[in-house]
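Worksheet: one structure, shown below.
The values are calculated or read from the model by the stated rules, or taken from the named source; none is laboratory data. In this text, all values refer to a predicted model and were calculated from it rather than measured experimentally. In this analysis, Cβ positions are derived from the backbone assuming ideal geometry, glycine residues included, and neighbour counts consider all displayed protein chains.
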Amino acid sequence: MRRTIALAAGLALAVPVLTSAPQASAAPAAGPCYVQAGALTASSDTMDRYVVATSPATVEPVTVMAKQAFGGRSVSLSSQWVWDDDFGDEMSLSGHIVSGGVMYQADQWVQKGTGGKVTSSSLTRIGGGWDVFRTLTQSWSLDDPSWRVYALRNDGTLFRWHVNPTNDGAEHWEAAGSYAGFSAVKAVTLLSRTSTYDTLLATTRGGALYTIHIPLSMPLKPVVKAVRSSTWQGFETLMASRCGQYGTLLLGIDKDSGSGYLYAVGHANGTATVINSLGKAPATFGDPVDFSWGSVVDPPLFGE
């Protein structure tokens, strides 16, 4: 049975008190919102844990999704990963990684109940030159066979690709524009995906928090709006999950201290956006690479 995302009937942004935490083995069909936080360890184990919007915030015990998933290969960047456990005694995992400056499409089959035993896996080379990129953000939805990928180059140029599956299961990547001017950006996550635009949420080294609204039309012309002007510089990683019809649950990770902080974020509206802190997550986020998990039945993000 596929696990489904736990959507509150409506995120009570002014009073962030959510109850009924999920079990470690499966998320509930209804209950509190959560971020499903993933990580890759130094030995290429793929990890999973739920950071839950209870009051105070709680974290379910970390579990191993895939043991030594890349054979000890060093990974510098990872996209969001998607999992599907509706395959009997096996579960499929899929995502994109950057290793040695090369982008790979990664697919794995894991046997359930074995602590992450990988029964088969593949790494399909997408292309080289990825050592100059520092963020990797994926916009994906079950109801659309194609998706978008955004990556921020070290010089502050944001690139977009349209990705389409081919008949043989591979991927066709098509460049879909670039835009300079984001050299101050530190962390990026997807905030919203619709049929006409994507919205990224980004922090800067100076502490600001911005939305980057990107219409799907060409040429690529982002619209940047300030959400907060200070205090967000500590986060090297952001993860977002949908909570209710318009709300977003946001996890910010400070890699220097290994700390994670949870926020309830209202529908983005510039500096009028409601953000309530749910506090520090009781866990240490110390693995080299962080990413978010999504299941095949998750609704698309709609934070703006």
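The table below gives the values:
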{"quantity": "Segment 97-140: number of residues that are surrounded by 14 or more Cβ atoms within 10 Å (Cβ to Cβ), farther than 26 Å from Asp168 by Cα and polar (S, T, N, Q)", "calculated": "1"}
{"quantity": "Qualifying residue in segment 187-198 (condition: touching an Asp or Glu at 6+ places or on another chain (Cβ under 6 Å) and more than 24 Å from Ala39 (Cβ to Cβ))", "calculated": "yes"}
{"quantity": "Test: residue in segment 116-135 that is under 19 Å from Asp298 (Cβ atoms), touching a residue at least 12 places away in the same chain (Cβ under 8 Å) and not in a helix (DSSP H, G or I)", "calculated": "no"}
{"quantity": "Residue match in segment 72-84 (condition: without any contact (Cβ under 8 Å) to a residue 40 or more places away in the chain and within 30 Å of Asp143 (Cα to Cα))", "calculated": "no"}
{"quantity": "Set Thr248, Thr271, Thr211: member being more than 21 Å from Trp161 (Cα to Cα), crowded, with 22+ Cβ neighbours inside 10 Å and at pLDDT 95 or above", "calculated": "Thr248"}
{"quantity": "Strands (runs of 3 or more DSSP E) completely within segment 145-202 that count 1 or more residues being under 24 Å from Thr248 (Cα atoms)", "calculated": "147-153, 158-165, 185-193"}
{"quantity": "In segment 152-174, the residues that are surrounded by 16 or more Cβ atoms within 10 Å (Cβ to Cβ) and over 20 Å from Pro300 (Cβ atoms)", "calculated": "Leu152, Arg153, Thr157, Leu158, Phe159"}
{"quantity": "Leading residue by the ranking (surrounded by the most Cβ atoms within 10 Å (Cβ to Cβ)) among those in segment 279-295 that are closer than 17 Å to Glu60 by Cα and hydroxyl-bearing (Ser, Thr, Tyr)", "calculated": "Ser292"}
{"quantity": "Where a residue in segment 182-206 is on the phi > 0 side of the Ramachandran plot and its partner, wherever it lies, is outside any strand (DSSP E or B), with Cβ under 6 Å and at least six apart", "calculated": "none"}
{"quantity": "Wholly enclosed strands (runs of 3 or more DSSP E) of segment 28-90 bearing at least 3 residues at pLDDT below 95 and farther than 29 Å from Ala264 by Cα", "calculated": "none"}
{"quantity": "Condition broken by Lys221, with the remaining ones in (1) of a type outside the set (Gly, Ala, Ser); (2) within 26 Å of Thr271 (Cα to Cα); (3) assigned to a strand (DSSP E or B) satisfied", "calculated": "(3)"}
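For (1) more than 19 Å from Asp290 (Cβ to Cβ); (2) touching a strand residue (DSSP E or B) at 6+ places or on another chain (Cβ under 7 Å), each residue gets a yes or a no:
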| position | (1), (2) |
| --- | --- |
| Asp168 | yes, no |
| Arg205 | no, yes |
| Lys225 | yes, yes |
| Leu238 | no, yes |
